[in-house]
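Below you'll find the structure, written out as structure tokens, and then a few comments.
Coordinate-derived values only; no laboratory data. For clarity, every value in this text was computed on a predicted model and none was experimentally measured. As a convention, Cβ positions derive from the backbone with ideal geometry for all residues, glycine included, and neighbour counts pool all protein chains shown.
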Amino acid sequence: MHWSSWSEFFSMGGYALYVWGSYGVTFVLLGAEVLMLVNRKRKVSRRTLPE
Amino acid sequence: MVSKGINWYKYAAPANFYPLAGKMVPWFAIASALIFIVGLYVSFFVAPTDYQQHDAYRIIFIHVPAAWMGMFLYVMLALYAGVGWAFNARLASMMATAIAPTGAIFTFISLVTGSLWGRPAWGVWWVWDARLTSTLILMFLYIGFISLQSSIEDPRRADRAGAVLALVGVINVPIIYFSVQWWNSLHQGATITAKSFKMAPSMLAAMLILLAACWIYSIAVVLVRVRCIIREREREAPWLAEAVTG
């Protein structure tokens, strides 16, 4: 472990915007993909179930 | 003598593949989440600070896996589309359609994270170098494939049209891959070659763990999506009514 404090960790040596921006974009997009897929699954279940 | 192996061909039928895929999804989903957590831990708490790029370089741990998945998924997409077209195999074409959005998202992530890395490391958000430009083309190919398929009503015609686009575009992937050898411009050369790797072991570990996480994530997501596609397209099929209620 080489971070002496949480604030040092969050600042990423001054590159916080770039590092957290990158990881943020990644997980927001992957999360959105999962959510959209859950939605699609729900929609298709409703369509094929009721007789 | 009757040979007692698994009849793999039976899984080419949507009716048999559907429940198999359904059983696989939870395993891959949970594995992916766990491996992401391990990978992120190694990326931020084990891999040391870089001598030249300090902590900005940590973007590499997500940028490289995303770029890799974008390229790899496109090749898989083209393969499935080709098989679906050549053998008139509906399920293979459905797999190609299922892969496209995930590949597109990873390609987009690689472009954005690359840009966010380029700015602090080399002072530019974008250059028209060979690798960046061909990755942008990959992005357009994905968008083209998805748009083309959604614009065609008849599913089998959409499959075939998509297959043509996918196969024509697949030449772009080796161009992306070899671009850093063929042209010497901004994007750095290959760090990982067959003979050696020029980075600290913990850095390589972080990258490979996150690559595994992205790969397993992709499998889970594509399987869920292809099951949705199967249900959408095979609506009239009798096996479906039993599979979803029984």
Point to revise | Simple label model, 7 Å out from Cα along Cβ direction - B:Lys10 to B:Val244, nm | key: 2.4
Check your understanding: Counting alpha carbon pairs within less than 8 Å and at least 6 residues apart, what relative contact order, in whole percent, applies to chain B?
Key -> 33
Exercise for review: Would you kindly compute the Cα radius of gyration of the protein assembly as shown and its largest Cα-Cα separation (Dmax), both in Å?
Suggested key: 21.1, 71
Revision key, fill the gap. In degrees, nearest 10, the alpha-carbon axis of helix B:201-233 is tilted away from the dominant principal axis of the alpha carbons of chain B by 30
Review point. From the phi of every residue in the stretch B:41-55, what ³J(HN,Hα) in whole Hz does the Karplus formula 6.51 cos²θ - 1.76 cosθ + 1.60 yield, where θ is phi - 60° and glycine or proline is x?
Key: 4, 4, 4, 9, 10, 10, 5, x, 6, 6, 4, 8, 9, 6, 9
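Work out the mean other chain Cβ neighbour count within 10 Å for the residues of A:38-44 and drop it here as an integer.
4
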Check your understanding: Residue-wise, which Karplus ³J(HN,Hα) couplings in Hz belong to the stretch B:131-148, taking 6.51 cos²θ - 1.76 cosθ + 1.60, θ = phi - 60°, and x for glycine or proline?
Key -> 5, 4, 5, 5, 5, 4, 4, 4, 4, 5, 5, 4, 4, x, 4, 5, 5, 4
**Study point:** Sequence-distant aspartates and glutamates (8 or more away, or on other chains) whose Cα lies within less than 16 Å of A:Lys43
**Key:** A:Glu33, A:Glu51, B:Glu232, B:Glu234
Revision key, fill the gap. Expected vector for the stretch B:113-124, Karplus 3J(HN,Hα) from phi with 6.51, -1.76, 1.60 and θ = phi - 60°, integer Hz, x for Gly and Pro, equals 5, x, 5, 5, 7, x, 4, x, 7, 10, x, 10
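Across peptide B:116-129, what mean number of C-beta atoms from other chains lies inside 10 Å of a residue's C-beta?
Other-chain Cβ atoms within 10 Å of each residue's Cβ, averaged: 2.
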Study note, to complete from the structure: Protection proxy (average C-beta count within 10 Å per residue), highest first, orders B:69-81, B:129-141, B:149-161, B:93-105 as B:93-105, B:69-81, B:129-141, B:149-161
Point to revise | Acute angle (nearest 10 degrees) that the helix B:172-182 long axis makes with the longest principal axis of chain B, alpha-carbon atoms | key: 20
Revision key, fill the gap. Measuring from the longest principal axis of the C-alpha atoms of chain A, the long axis of helix A:16-48 (C-alpha) lies at a number of degrees, nearest 10, equal to 10
Check your understanding: What do you get for Rg/Rh over chain B if you use C-alpha atoms and the Kirkwood form of Rh?
Key -> 1.03
Study note, to complete from the structure: Full extension between B:Phe87 and B:Trp182 adds, at 0.36 nm per residue less the Cα distance, a length in nm of 30.6 nm
